[in-house]
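Structure, as structure tokens:
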Amino acid sequence: MAWGQRLVSGAALVAVVALGSVTLGAQKAPAKAAPAPKGPDVVAVAALQPLLPKMDGWTRGTPGGSVVPISDDQGYSFADAEFTNGEQKVKVTIGDTSSVEDCLLALAAMVTVLPPGYNEKVPPATTIMRFEHNGHQAASKWNAEKLEGEYSLIVGARFVVKVEGTKVESLDVLKNFANLVDLQKLGSLKK
């Protein structure tokens with residue numbers, strides 16, 4: 001072996017030893033834990049799902065839900081289920097907005113936007129109202145021709161119950177679903 005080849009081999013050996021030292025040193029250093037992901041400070045979907053109502057005479061589909069981030073640390077969570085009774089269909093959504101205005105707007109636009117006491121008839125057959133439901137701000141929209149509407153309320157400036165229906169007998173059907181949600185328990189939930 002020539003002297004030049006020995007020099008390259010020696011340099012390669014030094015590089016391998018140095019790399020081994022760096023690797024061993026890296027293995028000896030304590031690993032830093034990755035920071036926990038931030039995300040919205042909201043109640044888990046699994047905690048909201050048990051609050052979804054059951055209504056005699058109605059078939060409830062499998063509860064679903066999700067967490068919807070709107071930024072790194074804000075968003076909302078919701079649980080929902082669909083109910084059927086013949087042609088009647090109702091969807092109940094229960095959500096936690098952690099009192100973020102944009103999230104409240106996403107889940108309960110009518111309650112958020114309409115002023116208290118608002119009452120309007122939109123021809124030919126739609127009525128939109130803003131009112132109180134058992135001490136909570138609420139709103140409804142009902143189309144008497146299409147037999148469809150929405151009934152929503154906000155609990156503690158944070159939680160939302162929204163009931164939407166199509167081909168239902170009356171707005172009272174939607175109100176009855178809302179009445180089956182334990183609003184006191186909903187308002188007491190914490191992340």
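List of remarks:
- Relative to the Cα centre, the charge distribution of region 48-92, modelled as +1 at Lys and Arg Cβ and -1 at Asp and Glu Cβ, gives a dipole magnitude of about 220 debye.
- Protein-only accessible surface at a 1.4 angstrom probe places the residues ASP80, ASP102 in the order ASP102, ASP80, largest first.
- Computed from the C-beta positions of GLU169 and LEU105, the FRET efficiency with R₀ = 25 Å rounds to 0.25.
- Unsatisfied cross-links (Cα-Cα over 26 Å) in the set LYS121/LYS162; LYS54/LYS121; LYS89/LYS190: LYS54/LYS121; LYS89/LYS190
- Globularity index of region 78-138, i.e. its alpha-carbon radius of gyration over 2.2 N^0.38 Å: 1.34
- Centre separation in Å (Cα based) which lies between region 69-90 and region 118-167: 16 Å
- Rolling a 1.4 Å probe over the protein heavy atoms gives region 43-95 an accessible area of 51 Å² per residue.
- Assuming charge only on the beta carbon of Lys and Arg (+1) and of Asp and Glu (-1), the dipole of region 54-191 about its Cα centre is about 220 debye to the nearest 20.
- Separation in nanometres of the label points that stand 7 Å from Cα toward Cβ, at ARG60 and THR84: 1.7 nm
- Each 5 Å bin from zero up to the one holding the largest Cα-Cα distance in region 60-191 carries the following percent of pairs: 2, 11, 21, 22, 21, 14, 7, 2, 0.
- Using a probe of 1.4 Å, the accessible surface attributed to ILE94 totals some 0 Å² when neighbouring protein chains are kept in position.
The values are calculated or read from the model by the stated rules, or taken from the named source; none is laboratory data. The model shown is predicted, which means the values in this text are computed figures rather than measured ones. For neighbour counting, all protein chains shown are included, and Cβ atoms are generated from backbone atoms with ideal geometry for every residue, glycine included. Surface accessibility is based on the protein's heavy atoms, side chains included, excluding ligands, DNA and RNA. Shrake-Rupley method; radii C 1.70, N 1.55, O 1.52, S 1.80 Å.
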